[in-house]
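Notes to accompany the following structure.
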Amino acid sequence: MKPVIEQIPYFADNIAWLVRCENSALVVDPGNAEAVSSFIDREGITLSGILVTHHHSDHIGGLDKMINRTGAPVYGPNDRRLPLVNHHVHDGETIDAGAFRFEVISVPGHTSTHVAYYFTDCETIFTGDVLFAGGCGRVFEGSPAEMLASLKRIAELPPKTLVCCGHDYTRSNLEFAMTVDRNNLLLAQRLASLDKRERFMPETIAVELATNPFLRCGDEGIRASIKMSTGDSDEDVFARLRSLKNSY
């Protein structure tokens, strides 16, 4: 049976993700134990594991309570800032957890040990705070070149792969994108569609490649709009875009 993806919003814009197969599930980045516990109790779900993308508190704040409540194993990067992780994951590794199988992709830049989880069965990647809908995370512990390389790794997955990120910053991201990619009709349509939705709607890598400026550093229109030339590297363009978004 193909796993089903469900979202659990918490705080102002965080999203925990549930990968569910019948009554068993994995949860990604349960930063709020109450929100996740309420959902799994209501649905009668047994938690097979907890996946952590990085160490920031809004993504791991519920770990201790979730462990105490469920006893589920915790998968995540080998980082001293993640003392509750008891199954360290590594780039390129394929992991079987109960009824689920996923691949680990190292995506440093936002943090030095950030990872993403790619589920081939449901054609979905959980990107934490690296790739967002219409944008990307801030570069805290890496270089722009490192962050761009991580984004490119994700972008190389099959185009129909669904991108499930750790925050719903979509409107801000797309509004910024319009300032640097004004002639992009698909981008304009994507922004307009936000008024019709009731909750966060993840898009595919194909849509991100067509509308997310951080994946379009080679686009001449974007380069011209931020006063970068054809001779500038993609890394330079990315750094300029990220700087502009930081102050947007």
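The values are calculated or read from the model by the stated rules, or taken from the named source; none is laboratory data. Predicted, not measured: the structure shown is a model, and the values here were computed from it. Note that each Cβ is placed from the backbone with ideal geometry, even for glycine, and that neighbours are counted across all protein chains shown.
Scanning region 201-213 for residues that are farther than 23 Å from Arg240 by Cα and either part of a helix (DSSP H, G or I) or among the small types (Gly, Ala, Ser) (or both) yields one hit, Ala206. Test Cys136 against the criterion of being in contact (Cβ under 8 Å) with a residue 24 or more places away in the chain and over 26 Å from Phe100 (Cα atoms), and give yes or no. In short, yes. Residue selection: Thr46 satisfies the criterion of being touching a Ser or Thr at 6+ places or on another chain (Cβ under 7 Å) and not hydrophobic (A, V, I, L, M, F, W, C). A residue that is assigned to a loop (DSSP other than H, G, I, E, B), modelled with pLDDT under 95, surrounded by fewer than 22 Cβ atoms within 10 Å (Cβ to Cβ) and in contact with a helix residue (DSSP H, G or I) (Cβ under 9 Å, 6 or more places away or on another chain) cannot be found anywhere in region 177-189. Here Glu198 fulfils each of the conditions (1) out of contact with any Leu (no Cβ under 9 Å at 6 or more places or on another chain); (2) without any contact (Cβ under 8 Å) to a residue 40 or more places away in the chain; (3) within 25 Å of Lys2 (Cβ to Cβ); (4) part of a helix (DSSP H, G or I) apart from (4). Scanning region 159-176 for residues that are farther than 17 Å from Asp195 by Cα and in contact with a Ser or Thr (Cβ under 9 Å, 6 or more places away or on another chain) yields Pro159, Lys160, Thr161, Leu162, Val163, Cys164, Cys165, Gly166.
Screening region 44-63 for residues that are among the small types (Gly, Ala, Ser) and at pLDDT 95 or above and picking the one that is nearest to Val85 (Cα to Cα) gives Gly49.
Listed by position, the strands (runs of 3 or more DSSP E) contained in region 96-153 that have at least 3 residues being more than 16 Å from His55 (Cβ to Cβ) and of a type in the set (A, V, I, L, M, F, W, C) are 100-106. Residues of region 2-17 that are under 18 Å from Ile125 (Cα atoms) and either touching a residue at least 60 places away in the same chain (Cβ under 8 Å) or in contact with a Leu (Cβ under 7 Å, 6 or more places away or on another chain) (or both): Lys2, Pro3, Val4, Ile5, Glu6, Gln7, Ile8, Pro9, Asn14, Ile15, Trp17. Might you let me know whether region 197-208 holds any residue that is buried (at least 23 other Cβ atoms within 10 Å of the Cβ), modelled with pLDDT of 95 or more and not hydroxyl-bearing (Ser, Thr, Tyr)? Taking every residue of region 197-208 in turn, at least one turns out to be buried (at least 23 other Cβ atoms within 10 Å of the Cβ), modelled with pLDDT of 95 or more and not hydroxyl-bearing (Ser, Thr, Tyr).
Within region 224-248, being within 26 Å of Arg171 (Cβ to Cβ), without any contact (Cβ under 8 Å) to a residue 24 or more places away in the chain and either among the aromatic types (Phe, Trp, Tyr) or in a loop (DSSP other than H, G, I, E, B) (or both) holds for Lys227, Met228, Ser247.
Number of residues in region 84-99 that are at pLDDT 95 or above and either touching an Asp or Glu at 6+ places or on another chain (Cβ under 8 Å) or of a type in the set (A, V, I, L, M, F, W, C) (or both): the value is 7.
When region 49-69 is filtered for residues that are in contact with a strand residue (DSSP E or B) (Cβ under 9 Å, 6 or more places away or on another chain) and surrounded by fewer than 19 Cβ atoms within 10 Å (Cβ to Cβ), the ones remaining, listed by number, are Asp58, Ile67, Arg69.
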